[in-house]
Each structure stands twice: as C-alpha cells, then as structure tokens.
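A.B. asks: Let me give you the structure first, and then I'll get to my questions.
What follows draws every value from the coordinates through simple rules; no lab data is involved. This structure is a prediction, so every number in the text was calculated from the model and none was measured. Here the Cβ positions follow ideal geometry from the backbone for every residue, glycine too, while neighbour counts run over all protein chains shown.
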Amino acid sequence: MATSCVHMMGSLALSISCLIIINAIAAAGEQRRLLQAETVYDITKYGAKGDGTTDDAMSFIQAWRAGCDSKGGVRILIPPGKFMMGEVILSGECTATPPMIVDIQGTLLANPDPSSYSNEKWILIEHVDNIKITGGGTLNAQGANAWKYAKEDAHMPVSFTFQSSKNGDISNLNLLDAMGFHSKLIDSDNIKVTKMTITAPEESPNTDGIHLSNATNVEITDTVIGTGDDCISIGTGSKNVLIKNVKCGPGHGLAVGSLGKRPDEISVGNITFSSCSLAGTTNGARIKSYHKSPVMTATNIVFEDITLDNVKNPIIIDQHYFSKMVAEQSNVKISDVHFRRIKGTTISEIPILFNCSTTNPCENIELADIDLKPVGAAKSVESVCVSAIGIKPSGTVNPPPPKC
C-alpha cells in the first residue's frame, strides 16, 4: 500500500503523509486489539459488599493481585457505591500488559480509626510502573475524628501514596478530608497528575494536598485544592517539577519545603509554578527551610503568572521555619529564584519578605512585574529583606523591592 501511494502521489511529502496514515491505522488497530483483550477485575466479584460498613480492603487487594499477575490488558474496577476500607497496599512487580488501569468510580471510605493503619498510609501503590489511576470517584478518609490527634511527632495516615514507581498517570479523582496528607508522590519518576479535586476544612491540621519527596519529572495540572495546610509542597530530592493551572484556597499556599528538617535530605531544583490562583490563603509563593539543616541547595525555582485574592504572605522566603529554639542557621542555599507577574490583593503590610539564612544568604532573586495591593486592615505595603544578595527587579514592582 505504501509503495502504491508513492507511485500515485509522485512526491516525497505526500509519500511521507501516506506512511503516517498507514502507521496511524496500524496503531489504531493495535489499540483496538488491546482494548478487546482487556480484562475487568471488579472488586465486587471478589466479595466487596459496597454497603459502607463492611471492610472491603481485602477484595480490592485480591482483585489487584489477580490483575497484576495476569498477562493481558487489565482494568481494576471499583464500581459506583460506597466501599469502606482499612489499609490497602497494592504492590508490583506486575506482568499485566501496560498500562494497568485502576478505575475508581465509586466512593472509598477509610476506616476512621487512625490506629488501624500500621504504616501511616491508607491507599498505597508501590513498585508499579506504567499505571493509570482515574475514574471520577472519591477517596473520603473521614478525617474529622483524627485531626485532634495530629501533632508534629504523631503523623496521621496519608490518603493516597504513590511510591517507588515510574510512568504514573493520576487523574480525575476527588480526595476528601484526609486524616493526614491527602497525597504523596515518593521516590518516583515521570508522573502526571491532572484534574484532581482535593478538599478539607481550613482548620484541618497537616492536610497537605499533594506532597513530593524524591520525585522527578512531575507535572501537576488543572487541579483544585483547598485544605488546612499547603496546597502543594515540594520536599527533599524533588527535581524537574511543573505545577500549572492549580487553584488553591483555603490553605497555606504553594510551597517549596519545608527543607532541611532531617539529616538525610538532598537538594531540590528546576521547579516551576505557573498560571496558578490563590484565594484566602496564609501564603502565596513560599520557600521554607529549617535551621541546622544538612548542606543542600534549592535552585532554579520559578513562580510566574500567579493571581492572588486576600492572601496574607504573597511572596515569602523563610529560612527560620519553626526554628526559634535552634541557634544554628539553615544550611540550605537558596538561589536563582524568579517571581514573575504576580498580582492581586494582600491582607499583609509586608507582602514581600525574604528572611534568609545569615550564614547562607539567598542569591539571585528576580522580582518582575509584581503588583500587590492592600485590602482589609492593611493600609499600605512594603518589602522586607534579611540576608539576600542580588535582588533583581524589572518592570513595575509594587511594593518596591527590598534593600538588604
């Protein structure tokens, strides 16, 4: 067929077009073959009751195991209904034809007793490459009764953890009222997260929306997050991260950090927050680190095209985060940070604050086209700086850039 096309068309360009069409037809045929070969593993076929009270965790695990260990295309299905589940661990290595699909259409209800989770995780997917998790369903952790137990040294279970895996596609899910963090991406590479809705009350403690730790090549897009803590937090070892079209509020904003709390933490870099909006949050664009941290860097960080509505701390670098009782300064070297086209309203009279380490000053901070207007009790605005070197303003910067 390709040869006849070449003779008929008589030109290289049209010949290439023919080959493209032929390849597209072949690819479509292969896709149909895979779809036809897909096997659905419905958790109700493995005993799940879906009555909202029976623990259906084992049914989910059994359906997963059967699918993971199969040879063809796989869809693990949680159909419409309410499925109460305690701890769920879904592990690879899988022999199924990639990508495996976890199709969550119904509502998962967590066992509300935080002491029933042995590893501080509710739903854990680990050592699974090439997986798609979607379906429009809800993970409701029923966290309200657990929040009173949340402390700095008493972590509550994370609703959804994606760990030690590659090539993950997570989309179109609703995460509600986590006991602890709503989701974590840990020790993983090449992850796409899109069209998520994450919701918890403003007063819920430590309920970060999405947290990254040693995660690389990550895209988080078109997502709505409102929680009692950071909407998105970027932790140790995370690199090549794009956050785009995220709506945040309530919550503590978009954060790189906190960094340097533990001695084994490593550098972060190449992180971009773009085209995001924040409403009623305590912070906007934030970088934070602890005192007495390991020697590490946080570099090439971009916050651009950010819209703010009644945000307390729109632009802030805080290298004294929860560190008043520790004399030694932060060893996190923050450099090449770019705040571009950030506009909106603030309830603070100091909407731009660079409070950097006195032993490792921040370096090369860009402020470009910033316009922050006071509202409410804030009658005027100014910028404040401690231990920063090389602040580079451009365009209109309101309030004017600080002098260090």
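A.B. asks: Taking only Cα atoms and a 10 Å spring cutoff, compute GNM fluctuations for the chain and point out the largest among SER204, SER293, SER118.
C.D. replies: Sorting by GNM fluctuation, first place goes to SER118.
A.B. asks: Give me the distance between the Cα centres of the range 371-404 and the range 70-86, rounded to whole Å.
C.D. replies: A separation of 51 Å, based on Cα centres.
A.B. asks: Can you compute the FRET efficiency between THR54 and ASN245 using 1/(1 + (r/R0)^6), with r the Cβ-Cβ distance and R0 = 41 Å? Round to the nearest 0.05. The partial results should precede the final answer.
C.D. replies: On the way: r = 39 Å, r/R0 = 0.95.
Efficiency for this residue pair is about 0.60.
A.B. asks: Ok, one more. Could you give the length gained on full extension between ASP264 and SER91, defined as 0.36 nm per residue of separation minus the Cα-Cα distance, in nm? Numbers along the way, then the final one.
C.D. replies: Details: separation 173, 0.36 × 173 = 62.28 nm, distance 2.58 nm.
That works out to 59.7 nm of additional length.
A.B. asks: Net charge around VAL241, counting only other residues with Cβ within less than 13 Å of its Cβ (Lys, Arg = +1; Asp, Glu = -1)?
C.D. replies: With Lys, Arg at +1 and Asp, Glu at -1, the net is +1.
A.B. asks: In addition: If the chain between ILE389 and ASP222 were fully stretched, how many nm would it gain, using 0.36 nm times the residue separation less the Cα-Cα distance?
C.D. replies: 56.6 nm
A.B. asks: As a check on your grasp of the helix formula, calculate [θ] at 222 nm for the chain: sum -39500 (n - 2.57) over DSSP H runs of n ≥ 4, divide by the residue count, round to the nearest 500.
C.D. replies: One gets -3500 deg cm²/dmol as the mean residue ellipticity at 222 nm.
A.B. asks: Let me ask you something else. Full-extension gain between ASN174 and TYR149, please, as 0.36 nm times their residue separation minus the C-alpha to C-alpha distance.
C.D. replies: Between ASN174 and TYR149, full extension yields 6.6 nm more.
A.B. asks: Hey, another quick one. Apply 1/(1 + (r/R0)^6) to the Cβ-Cβ distance of GLU202 and ARG341, taking R0 = 22 Å, and write down the FRET efficiency to the nearest 0.05.
C.D. replies: That pair, GLU202 with ARG341, gives E of 0.20.
A.B. asks: For the range 44-57, take each phi angle, set θ = phi - 60°, evaluate the Karplus expression 6.51 cos²θ - 1.76 cosθ + 1.60, and give the result in whole Hz per residue in order, putting x for glycine and proline.
C.D. replies: Each residue's phi maps through the Karplus curve to give 5, 6, 10, x, 5, 8, x, 9, x, 10, 5, 6, 9, 4 Hz.
A.B. asks: Please give, to one decimal in nm, the separation of the simple spin-label points placed at SER116 and LYS192, each 7 Å out from Cα toward the Cβ.
C.D. replies: Between SER116 and LYS192, the simple spin-label model gives 3.6 nm.
A.B. asks: Calculate one ³J(HN,Hα) per residue across the range 257-264 by plugging θ = phi - 60° into the Karplus curve 6.51 cos²θ - 1.76 cosθ + 1.60, and present them in order as whole Hz with x for glycine and proline.
C.D. replies: Along the range 257-264, the couplings run x, 6, 10, x, 6, 10, x, 9 Hz.
A.B. asks: OK, next. With a cut-off of 8 Å between alpha carbons and a minimum separation of six or more residues, what is the relative contact order of the chain in percent?
C.D. replies: Computed over the chain, the figure is 7 percent.
A.B. asks: Give the lysines whose C-alpha is closer than 21 Å to that of LYS333, dropping any in the same chain fewer than 8 places away, or say none.
C.D. replies: LYS333 reaches LYS239, LYS261, LYS288, LYS292, LYS324, LYS392, LYS403.
A.B. asks: Follow-up question, since we're still on this one. Find which of SER348, ASN313, GLN329 sits farthest along the positive direction of the dipole of the range 300-404, computed with +1 on the beta-carbon of Lys and Arg, -1 on that of Asp and Glu, about the Cα centre.
C.D. replies: Positive-end residue among those listed: SER348.
A.B. asks: Using DSSP to call loops (not H, G, I, E or B), can you name the chymotrypsin sites (Phe, Trp or Tyr not before Pro) in the range 302-396 whose Cβ has at most 15 other Cβ atoms within 10 angstrom?
C.D. replies: Values: sites: PHE303, TYR321, PHE322, PHE339, PHE354; in loops: TYR321, PHE322.
Qualifying residues, ordered by number: PHE322.
A.B. asks: So, one more: Can you list residues whose amide H is under 5 Å from LYS184's amide H, if they're 5+ apart or on another chain and H is modeled 1.01 Å from N?
C.D. replies: Amide H neighbours of LYS184, under 5 Å, 5+ apart: PHE160, THR161, PHE162, HIS211.
A.B. asks: Follow-up. Under 5 Å between amide H atoms, partner at least 5 residues away or on a different chain: which partners does SER267 have, H built in plane at 1.01 Å?
C.D. replies: GLY237, THR297
A.B. asks: A further question on this structure: Could you work out how far apart the two model spin labels at VAL326 and ASN310 are, taking each label as a point 7 Å from the Cα in the direction of the beta carbon, and quote it in nm?
C.D. replies: 3.5
A.B. asks: Let me ask something additional. What residues qualify as long-range amide H neighbours of ASN331, i.e. H under 5 Å apart, gap of 5 or more or another chain, H built at 1.01 Å from N?
C.D. replies: Residues meeting the amide H criterion: LYS292, SER293.
A.B. asks: Could you calculate, for the range 298-404, the ratio of the Cα radius of gyration to the Kirkwood radius, expressed as Rg to Rh?
C.D. replies: On the Cα set of the range 298-404, Rg over Rh gives 0.97.
A.B. asks: Under a crude label model (7 Å from the Cα following the beta-carbon direction), how far is SER380 from ALA66 in nanometres?
C.D. replies: Distance between the two pseudo-spin positions: 7.2 nm.
A.B. asks: Which aspartates and glutamates have a Cα lying under 20 Å from the Cα of LYS82, excluding residues fewer than 8 positions away in the same chain?
C.D. replies: Of all the aspartates and glutamates, those that pass the test against LYS82 - Cα under 20 Å, at least 8 places apart if same chain - are ASP42, ASP51, ASP55, ASP56, ASP103, ASP113, ASP177.
A.B. asks: Count charges around ASN111 for me, please; just the other residues with Cβ under 10 Å from its Cβ, Lys/Arg as +1, Asp/Glu as -1. Can you show the working numbers first?
C.D. replies: Working: positive: none; negative: ASP55, GLU87, ASP113.
Computed value for this residue: -3.
A.B. asks: Roughly how many Å is it from the Cα centre of the range 247-270 to that of the range 109-123, as a whole number?
C.D. replies: When both Cα centres are located, 25 Å separates them.
A.B. asks: Among [x] 41, 30, 19; [y] 31, 27, 20; [z] 43, 34, 21, which one is semi-axes √(5λ) of the Cα gyration tensor in Å computed from these coordinates?
C.D. replies: Identified label for the calculated read-out: [x].
A.B. asks: Right, next: Straight-line reach only, C-alpha to C-alpha below 13 angstrom: list the aspartates and glutamates that LYS343 could link to, leaving out same-chain residues fewer than 8 apart.
C.D. replies: GLU304, ASP305, ASP309, ASP369, ASP371
A.B. asks: Additional query: Taking the Cβ of THR197 as the center, what net charge do the other residues with Cβ under 14 Å away carry, scoring Lys and Arg +1 and Asp and Glu -1?
C.D. replies: Net of charged neighbours comes to 0.
A.B. asks: If you don't mind, another one. Please state, rounded to one decimal and in Å, the Kirkwood hydrodynamic radius that the range 212-346 gives when every pair of distinct Cα atoms enters the mean of 1/r.
C.D. replies: Taking the inverse mean of 1/r over all distinct Cα pairs, the range 212-346 comes out at 14.6 Å.
A.B. asks: Next question, about the same structure. Which ³J(HN,Hα) values, rounded to whole Hz and listed in residue order, are derived for the range 69-77 from phi using the Karplus coefficients 6.51, -1.76 and 1.60 in 6.51 cos²θ - 1.76 cosθ + 1.60 with θ = phi - 60°, glycine and proline given as x?
C.D. replies: Calculated HN-Hα couplings, in order: 8, 8, 10, x, x, 9, 10, 8, 10 Hz.
A.B. asks: Please work out the ratio of the alpha-carbon Rg of the range 297-342 to 2.2 N^0.38 Å and round it to two decimals.
C.D. replies: Dividing the Cα Rg of the range 297-342 by 2.2 N^0.38 Å gives 1.42.
A.B. asks: Treat the range 124-209 as a sphere of radius equal to its Kirkwood radius over Cα pairs and apply Stokes-Einstein at 20 °C in a medium of 1.002 mPa s; give the translational diffusion coefficient in µm²/s, rounded to a whole number.
C.D. replies: 161
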